[in-house]
Amino acid sequence: MRRRPLTWLIPVLATAAAVTVTVVVVPDGAGRDPDGRTAPAAHGERPAGKGKPDARDVVLAVHGGAGTALDRDKTTPEREKAYRDGLADALKAGRKILDKGGSSVDAVQAAVQRLEDNPLFNAGKGAVFTADAGHELDASIMRGSDLKAGAVAGVKSLRNPIAGARAVMDKSPHVLLSGEGADDFGARHGLRTVTQDYYWTQARWDALMAAKEAERGGKEGRGGTGANGGKGANGGRGGEKAAAGAADAPASVADAQSKGTVGAVAVDGERDLAAATSTGGMTNKLPGRVGDSPLIGSGTYAKNGTVAASATGAGEVFIRGAATSTISNLMEFKGVGVATAAYEVIVKRLPGLGGDGGVIALAPNGEFDAPHSSPGMLHGYLTKDGKIVTKIFPDETPPNS
Ligand code: ASP
């Protein structure tokens, strides 16, 4: 008699393997000793790289986008002041809430809303143009205490998309609403609406024209590689870079088009974390394109015990690399600190997918890091004793910092 093969053993063994889970403890101190050195990871191996955070005792941080670096020599004092004031104003708006004992989620919303109202940044007023010369805005917000989140994508008439994201989180059973449905939902919940011309700025219009020009040049010459690994100037930062590098593109145009997504991260008195991100997306993006900013786990993530993170950069790459949730997962499952985790994802892993960018990342113990693979990333932070720091030049924010 032929013996039956022991194929039944395979599912049994697989099940046994699946239930042998490792119990991990979420480190509140984010896996570091009091000197900030990274503690050994739970599994013996840990991502090597940066271990020391950029700053400590941070309660709130904002970014104003990644991209080409502002050049000290070409930046007028007025322009420098405008960027620093914009970041500082946002930090002050958030500080007002934290000082009163308010929540981190209210603080990040207030900070982002301030940046959306500032035409210098690519969010709300000042959002970039799509390929058909319109504006489609994305935003998201997340609360670390219960992992609740809300987001809007492709909105065309909400003055403050981040308020739309907050309304989705608080007043709907959903996480992400898109297009007309998101605009209508916001309007029904009393949010301010605007016509498309509200978002218009000359700098963003010039950037669209420069991108079109570069696209035409690219078609005649060689095509660019998009951040999704494919060809085409609309695919990602490839198109923007081409435009930024165009010989006759004024520096201000190049600057304007490759910066400006905004975000905020905060920790409040309860040690609750929150993160928020808002953007007009990428200059010359295809209508309907959704980037990483409204996607929880890509552009925005907050989880008590690990990290609040807001990203900026080549959205397609940040989506494919699940950027912000991977930072949290590295901290939770490998026991590494915020600086090591953020460095690992932003500097070591994502560039391999074909695009650059950065992140602001805050641990519950106030350790803060802002690594970027792009030449620059505008950002600023507020410490618990009320000090505000802004960083806009590359020598203040070296790549891979
Ligand atoms: N990440 C944004 C997007 O892809 C753009 C940016 O941050 O510059 O829509």
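Worth a mention:
- For segment 120-151, a residue qualifies if it is within 13 Å of the ligand (Cβ to nearest atom) and either within 15 Å of the chain's Cα centre (by Cα) or open to solvent by 10 Å² or more (accessible area, probe 1.4 Å) (or both), and the qualifying residues are PHE121, ASN122, ALA123, GLU136, LEU137, ASP138, ALA139, SER140, ALA151.
- Annotation: of all residues in segment 317-346 being among the small types (Gly, Ala, Ser) and away from the ligand (no atom under 16 Å from the Cβ), the one that is surrounded by the most Cβ atoms within 10 Å (Cβ to Cβ) is ALA341.
- Scanning segment 299-316 for residues that are more than 8 Å from the ligand (Cβ to nearest atom) and open to solvent by 10 Å² or more (accessible area, probe 1.4 Å) gives TYR301, LYS303, ASN304, GLY305.
- Test set (1) within 16 Å of the ligand (Cβ to nearest atom); (2) at pLDDT 95 or above - ASP356 fails condition number: (2)
This table checks each residue for (1) closer than 20 Å to GLY51 by Cα; (2) in contact with a helix residue (DSSP H, G or I) (Cβ under 9 Å, 6 or more places away or on another chain); (3) among the small types (Gly, Ala, Ser).
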| position | (1), (2), (3) |
| --- | --- |
| LEU286 | no, no, no |
| ARG289 | no, yes, no |
| TYR301 | no, yes, no |
| ASN304 | no, no, no |
| ALA311 | yes, yes, yes |
| VAL317 | no, yes, no |
| VAL338 | yes, yes, no |
| ALA341 | yes, yes, yes |
| PRO351 | yes, yes, no |
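- Any helices (runs of 4 or more DSSP H) falling wholly within segment 1-119 and containing at least 2 residues that are modelled with pLDDT of 50 or more and more than 20 Å from the chain's Cα centre (by Cα): 77-99
- Per the conditions (1) under 26 Å from ASP117 (Cβ atoms); (2) away from the ligand (no atom under 15 Å from the Cβ); (3) over 16 Å from the mean Cα position of the chain (by Cα); (4) not acidic (Asp, Glu), the sole criterion not satisfied by THR283 is (2).
- Here GLY260 meets each of (1) outside any strand (DSSP E or B); (2) away from the ligand (no atom under 16 Å from the Cβ) with one exception, condition (2).
- The lone criterion from (1) at pLDDT below 95; (2) within 16 Å of ALA311 (Cβ to Cβ); (3) open to solvent by 10 Å² or more (accessible area, probe 1.4 Å) left unmet by ASP395 is number (2).
- The single condition among (1) away from the ligand (no atom under 16 Å from the Cβ); (2) under 17 Å from THR277 (Cα atoms); (3) without any contact (Cβ under 8 Å) to a residue 40 or more places away in the chain that GLY380 does not satisfy is (3).
- Where a residue in segment 65-85 is farther than 26 Å from THR277 by Cα and its partner, wherever it lies, is open to solvent by 40 Å² or more (accessible area, probe 1.4 Å) and assigned to a helix (DSSP H, G or I), with Cβ under 6 Å and at least six apart: LYS74/ALA251
The values are calculated or read from the model by the stated rules, or taken from the named source; none is laboratory data. Quick caveat: nothing in here was measured; it's all calculated off a predicted structure. Note: ideal-geometry Cβ built from the backbone for every residue, glycine included; neighbour counts use all protein chains shown. Heads up: the accessible areas ignore ligands, DNA and RNA and are worked out on the full protein's heavy atoms, side chains in. Shrake-Rupley method; radii C 1.70, N 1.55, O 1.52, S 1.80 Å.
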